[in-house]
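Each remark here refers to the structure printed beneath this line.
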Amino acid sequence: MRFRDRADAGRRLATRLADLPRDGLVVLGLPRGGVPVAFEVAIALEVPLDVILVRKLGLPAQPELAMGAVGEDGVLVVNDDVVRGARVTDSAFARVESAEREVLRRRAERFRGAGSRQSLVGRTALIVDDGIATGATAQAACRVAIAHGAARVIVATPIASPRAVAHLRREADAVIVLESPDTFLAIGEFYDDFRQLTDEDVVGILARADAARAELDEQTTVRAGPLELAGHLFVPAGATALVLFAHGSGSSYRSPRNQYVAGVLNRAGLGTLLFDLLTPVEARDRANVFDVELLARRLAAAGEWVRGEMPGRDLAVGYFGASTGAGAALWAAAEPGARVQAVVSRGGRPDLAGSRLAAVRAPTLLIVGGDDHVVLDLNREARARMRCETDVAVIPHASHLFEEPGTLERAAELARDWFVRHLAAGSGGGQ
């Protein structure tokens, strides 16, 4: 059995897993290679996707041999027989553990930002990798999942060695493998495309999964004054802040770029509202698309609607604007009494806010592609006219739509960090 790439392997694995009970199921990808496989499984089964972060504790003199493993939230698994047999001292063990926990911490921060991991308490953990040769990491992941409270653990992978399968059956409640050949040299030999993935790839896949999950929810009807506008509202449990999106001309709340950014913000614990700023009839008139004042009024009205829908939740509010939507976001933020604590523009036209730029008080981040020269100049000029905390973040080699590999991911990360920093207090009381 051969696979074109990890996505192909994930889709074929998902077919085998189609009969699994969905209630309480969480798909956990093993970074990095297991995450794109896990993504396809989670999408097909319509269940949450997360990563399970483990670090093997290798013997000081023989790092390839595991003396234990560490997981998030202080989870520690020790192979006592190995530790005793190798006569590892407490201090030597502690040094290895400390080093691996630091790696774990950095990875958790990179993949989740300020967000939290999916709770496994009482749930079924479906651990997915792109292939399993020895099974050491997957075994550690099983133990970490159990330590995190998983009621049941299943390991699933497209390809695994018979020896690894035998070992894993002693750790997991079930092991599901598409192919387990007797001759097994390396996982990559079963893939046409087995390129190495980066941390940025993993972050992007997790955000795509969140965006896809959001699409499964029913469309939200947003009220802006007397009008009803199509949109999508998602507020994670415990969120203390909400970001309203203003899309650019010719786009809608279904903009894949804005949905991607929203997914990144959701993983950081921020609520998001994406909605159409115009009715279908209004959108047919191109003059309305560039009526920044009208769009700004809609944005402010939608913010008031959200507050009315969530009584008792004093959410801090931020605006995220793209292209002409950035002009509308800054126009709205300049209104007297505007209740917005942070603004982010992606490839935006802040110049469309005109003289109102000087009245904006909310900290503002202007993200621009390094190859978007005209818009970059407009953003630098806008920053010079603003009196609030303002920064221009230039993403090298990015064009206006951030279509180049990795550029949209970087823009989303910058927006996430800006909003987390300025909305962290969670007070919706205004500027």
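Would you say V343 is assigned by TED's automatic domain parsing to the domain that holds A300, assigned to a strand (DSSP E or B), within 19 Å of R297 (Cβ to Cβ) and of a type in the set (V, I, T)? In short, yes. Among the residues of the stretch 239-257, how many are touching a His at 6+ places or on another chain (Cβ under 9 Å), under 13 Å from L299 (Cβ atoms) and touching a residue at least 40 places away in the same chain (Cβ under 8 Å)? Total meeting the criteria: 0. Every listed requirement among (1) surrounded by 19 or more Cβ atoms within 10 Å (Cβ to Cβ); (2) under 20 Å from the mean Cα position of the chain (by Cα); (3) part of a loop (DSSP other than H, G, I, E, B) is met by G348 save one, (2). Residue count for the stretch 44-77 under the criterion of being out of contact with any helix residue (DSSP H, G or I) (no Cβ under 8 Å at 6 or more places or on another chain), in contact (Cβ under 8 Å) with a residue 12 or more places away in the chain and farther than 30 Å from R12 by Cβ: the result is 3.
Return the residue satisfying two criteria in turn: it lies in the stretch 39-53 and is over 12 Å from R208 (Cα atoms) and not charged (D, E, K, R), and of such residues it is surrounded by the most Cβ atoms within 10 Å (Cβ to Cβ).
In the first step, residues of the stretch 39-53 are kept if they are over 12 Å from R208 (Cα atoms); the result is 41, 44-47, 51-53.
Applying the additional criterion that residues be not charged (D, E, K, R) yields 41, 44-45, 47, 51-53.
Details: V41: 27, A44: 16, L45: 18, V47: 21, V51: 25, I52: 31, L53: 22.
Taking the candidates together, the pick is I52.
Taking only the stretch 230-278 into account, find how many residues are of a type in the set (V, I, T), more than 18 Å from A212 (Cα to Cα) and at pLDDT 90 or above. Lay out the reasoning, then the answer.
Step one: filter the stretch 230-278 for residues of a type in the set (V, I, T), giving 235, 240, 243, 261, 264, 272.
From what's left, more than 18 Å from A212 (Cα to Cα): 240, 243.
This time we only want the ones that are at pLDDT 90 or above, so: 243.
Adding up the residues that qualify gives 1.
Report, by residue number, each residue of the stretch 326-341 that is charged (D, E, K, R) and under 29 Å from the mean Cα position of the chain (by Cα). Let's see the steps before the verdict.
Taking the stretch 326-341 first, the residues charged (D, E, K, R) are 335, 339.
Answer for the stretch 326-341, where residues must be charged (D, E, K, R) and under 29 Å from the mean Cα position of the chain (by Cα): just R339.
Give the residue, chosen from A353, A338, A332, that is assigned to a helix (DSSP H, G or I) and either polar (S, T, N, Q) or more than 15 Å from L378 (Cα to Cα) (or both).
Working: A353 fails: either polar (S, T, N, Q) or more than 15 Å from L378 (Cα to Cα) (or both); A338 fails: assigned to a helix (DSSP H, G or I).
Step by step, each of A353, A338, A332 is checked, and only A332 is assigned to a helix (DSSP H, G or I) and either polar (S, T, N, Q) or more than 15 Å from L378 (Cα to Cα) (or both).
Taken together, the residues in the stretch 100-117 that are surrounded by 14 or more Cβ atoms within 10 Å (Cβ to Cβ), out of contact with any helix residue (DSSP H, G or I) (no Cβ under 8 Å at 6 or more places or on another chain) and at pLDDT 85 or above amount to 4.
The residue of the stretch 118-143 that is surrounded by the fewest Cβ atoms within 10 Å (Cβ to Cβ), among those that are among the aliphatic types (A, V, I, L, M), assigned to a helix (DSSP H, G or I) and over 22 Å from the mean Cα position of the chain (by Cα), is A136. Considering only residues in the stretch 266-299 that are closer than 30 Å to D417 by Cβ and among the β-branched types (V, I, T), the one that is surrounded by the most Cβ atoms within 10 Å (Cβ to Cβ) turns out to be T272. Of the numbered criteria (1) surrounded by 19 or more Cβ atoms within 10 Å (Cβ to Cβ); (2) at positive phi; (3) at pLDDT below 90, the one G312 fails is (1).
Which residue out of A393, A384, A412, A398 is part of a loop (DSSP other than H, G, I, E, B), hydrophobic (A, V, I, L, M, F, W, C) and either in the same structural domain as T272 (by TED's automatic domain parsing) or at pLDDT 95 or above (or both)? Working first, answer last.
On the way: A393 fails: part of a loop (DSSP other than H, G, I, E, B); A384 fails: part of a loop (DSSP other than H, G, I, E, B); A412 fails: part of a loop (DSSP other than H, G, I, E, B).
Within the list A393, A384, A412, A398, the selection yields A398.
The values are calculated or read from the model by the stated rules, or taken from the named source; none is laboratory data. Note that this is a predicted model, so its numbers are computed, not measured. Don't worry about glycine lacking a Cβ; one is built from the backbone with ideal geometry, like all the others, and counts go over all protein chains shown.
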